[in-house]
Amino acid sequence: MPKTNIPNYRHHKASGQAFVELGGRRFYLGKHGSKASREAYEQRIGEYLANGRKIAPTRSKTGITCKELAVHFLEWAERYYVKNGEPTGTFDHCRNAIALLVQHYGHESTDNFAPLSLVFLQEQWVEQGLCRPTVNRYVGVVKQAFRHGSKFGWVDPPIYHALLSVDGLKSGRTKAPEYEKISLVPDEIVEKTLPFLPPIVADMVQVQRRSGMRPQDIRNCRACDFDRSGDVWRYVPYTHKTEHRNKQRIVAVGPRAQAILMPYLEANADTPEAFLFSPQDTLRLQKIEKRKNRKTLNKKGEVQPSQRDQAKPDAKKVGTKYTKDSYNRAIRRACEKAGVKVWSANQLRHSAGTEVRNKYGLEHAQRVLGHANAKTTEIYAELDFEKAAQVAREIG
């Protein structure tokens with residue numbers, strides 16, 4: 001029968017060190033009982049078990065440390081993964097993945113980082129409860145860091161190439177969970193939520209539902225990005241999800257969405273590059289509503305001097321546009337007040353896509369949502385918009 005016992009975490013009383021014996025060899029782990037020694041023990045055991053209860057050969061320490069590699073790689077990633085002057089979500093993935101590398105192998109030479117070391121990190125992410133695609137992405141980031149080091153001569157190329165042997169987790173063959181598929185949100189749920197949303201956010205929700213925009217697209221709306229010359233407007237976001245792949249994004253805006261957008265476009269006629277939907281305006285409207293509902297007014301019907309708004313302009317920093325988090329946070333709070341199941345902004349896009357596909361077919365849904373395939377070329381750009389415009393005239 002295969003062995004099931006795991007070598008113990010032990011105490012060397014003479015030195016106060018923790019140690020573990022693997023394959024007849026003793027490995028000292030640091031001060032007994034310390035967090036660092038426990039982590040070192042978990043690392044050693046993880047690699048030992050992953051290698052079939054055999055000790056992986058140790059290379060001589062000649063390369064830079066994994067911590068030094070991490071610093072070089074993150075400095076590069078912070079400069080590279082930037083969009084419109086701000087770090088992208090990819091940089092956050094890099095930082096999260098590299099953090100565990102530094103935690104367990106920071107003081108180790110890159111020469112000693114073997115495929116089993118990466119397998120150990122992979123298993124740690126699974127134990128943390130991360131979804132399978134995220135674990136695979138983090139494994140890819142570590143490989144990318146070693147490739148980066150190899151390019152500049154900080155890591156021997158064979159070290160990087162050996163890491164390529166570590167496969168990603170396969171669906172159905174790991175205990176790591178899968179992402180929950182984003183489903184549509186029923187229109188009746190949205191209708192129940194609308195009264196509890198700030199008026200500006202409620203308009204954003206309705207425009208997004210009518211047009212099938214991505215949450216990013218509705219948050220980035222500016223007057224200068226709309227072509228209102230036809231019966232169906234063209235909205236070309238100044239930035240979008242796939243622009244780094246040289247893809248064009250044109251959103252068809254129909255009459256119902258136009259009616260909601262028009263007051264915002266008129267209000268921003270003199271500032272066409274300002275964002276139409278601003279949390280600063282939401283805060284201002286909330287203050288006006290709060291004053292209107294005050295019951296403690298003086299004889300002249302005015303707010304008491306002690307209750308006047310004395311907040312300074314910079315007392316509370318509010319952005320000029322909604323972020324992904326603030327948009328979804330407003331929706332979540334409204335759902336809780338309405339007593340309905342919490343939904344997210346991205347589900348509105350799925351609702352729009354499902355409606356279009358059911359009524360007009362898959363091809364029209366691809367055009368409305370802006371999904372491209374390998375055969376799409378600029379020759380069909382106008383045709384694609386006309387298909388989206390046909391839908392917008394009827395449901396947008």
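The values are calculated or read from the model by the stated rules, or taken from the named source; none is laboratory data. Owing to the predicted nature of the structure, the values given are computational and were not obtained by experimental measurement. A quick note on method: Cβ atoms are made from the backbone with ideal geometry, for glycine too, and the neighbour counts reach across all protein chains shown.
Observations on the model:
- Taking segment 145-164 as the range and being modelled with pLDDT under 95, out of contact with any Ser or Thr (no Cβ under 6 Å at 6 or more places or on another chain) and not in a helix (DSSP H, G or I) as the test, the residues that pass are PHE152, GLY153, TRP154, ASP156.
- Pick from segment 63-83, criterion part of a loop (DSSP other than H, G, I, E, B) and at pLDDT 75 or above, ranking: nearest to THR4 (Cα to Cα): ILE64
- Take the conditions (1) surrounded by fewer than 12 Cβ atoms within 10 Å (Cβ to Cβ); (2) under 24 Å from the mean Cα position of the chain (by Cα); (3) basic (Lys, Arg); ARG222 misses just one of them, which is (1).
- Within segment 80-100, the only residue that satisfies the criterion of being more than 18 Å from THR323 (Cβ to Cβ), of a type in the set (A, V, I, L, M, F, W, C) and out of contact with any helix residue (DSSP H, G or I) (no Cβ under 6 Å at 6 or more places or on another chain) is ALA99.
- Among the residues here, GLU191 does not qualify as among the acidic types (Asp, Glu), under 19 Å from SER344 (Cα atoms) and within 21 Å of the chain's Cα centre (by Cα).
Results for (1) surrounded by fewer than 19 Cβ atoms within 10 Å (Cβ to Cβ); (2) without any contact (Cβ under 8 Å) to a residue 40 or more places away in the chain, shown as yes or no for each residue.
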{"site": "ILE45", "(1), (2)": "yes, yes"}
{"site": "TRP76", "(1), (2)": "yes, no"}
{"site": "GLY85", "(1), (2)": "yes, yes"}
{"site": "THR88", "(1), (2)": "yes, yes"}
{"site": "CYS94", "(1), (2)": "no, no"}
{"site": "LEU100", "(1), (2)": "yes, yes"}
{"site": "ASN112", "(1), (2)": "no, no"}
{"site": "SER117", "(1), (2)": "no, no"}
{"site": "TYR138", "(1), (2)": "no, no"}
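- When residues of segment 206-231 are limited to those that are touching a residue at least 60 places away in the same chain (Cβ under 8 Å) and in contact with a Phe, Trp or Tyr (Cβ under 9 Å, 6 or more places away or on another chain), the one nearest to ALA274 (Cα to Cα): ASN220
- Filter result for GLU266 (at pLDDT 90 or above, touching a helix residue (DSSP H, G or I) at 6+ places or on another chain (Cβ under 8 Å) and surrounded by fewer than 11 Cβ atoms within 10 Å (Cβ to Cβ)): no
- Residue that is farthest from the chain's Cα centre (by Cα) [pool: residues in segment 24-42 that are farther than 16 Å from ILE55 by Cα and not in a strand (DSSP E or B)]: HIS32
- Residue selected from segment 1-43 under the condition of a type in the set (Val, Ile, Thr) and in contact (Cβ under 8 Å) with a residue 24 or more places away in the chain, by the criterion farthest from ALA114 (Cα to Cα): ILE6
- Between ALA50, ALA40, ALA36, the distinction of being outside the structural domain of LYS151 (by TED's automatic domain parsing), within 18 Å of SER165 (Cβ to Cβ) and of a type in the set (A, V, I, L, M, F, W, C) belongs to ALA50 only.
- For ILE260, the conditions (1) modelled with pLDDT under 90; (2) surrounded by 11 or more Cβ atoms within 10 Å (Cβ to Cβ) all hold with the exception of (1).
Results for (1) among the aromatic types (Phe, Trp, Tyr); (2) part of a helix (DSSP H, G or I), shown as yes or no for each residue.
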residue	(1), (2)
PHE91	yes, yes
ARG95	no, yes
ALA99	no, yes
SER117	no, yes
GLY129	no, no
LYS143	no, yes
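- Checklist (1) in contact with a His (Cβ under 7 Å, 6 or more places away or on another chain); (2) part of a loop (DSSP other than H, G, I, E, B); (3) among the basic types (Lys, Arg) applied to ARG173, failing item: (1)
- Screening the candidates SER34, SER15, SER60 for the property of being at pLDDT 90 or above, surrounded by fewer than 15 Cβ atoms within 10 Å (Cβ to Cβ) and more than 21 Å from GLU123 (Cα to Cα) yields one hit, SER34.
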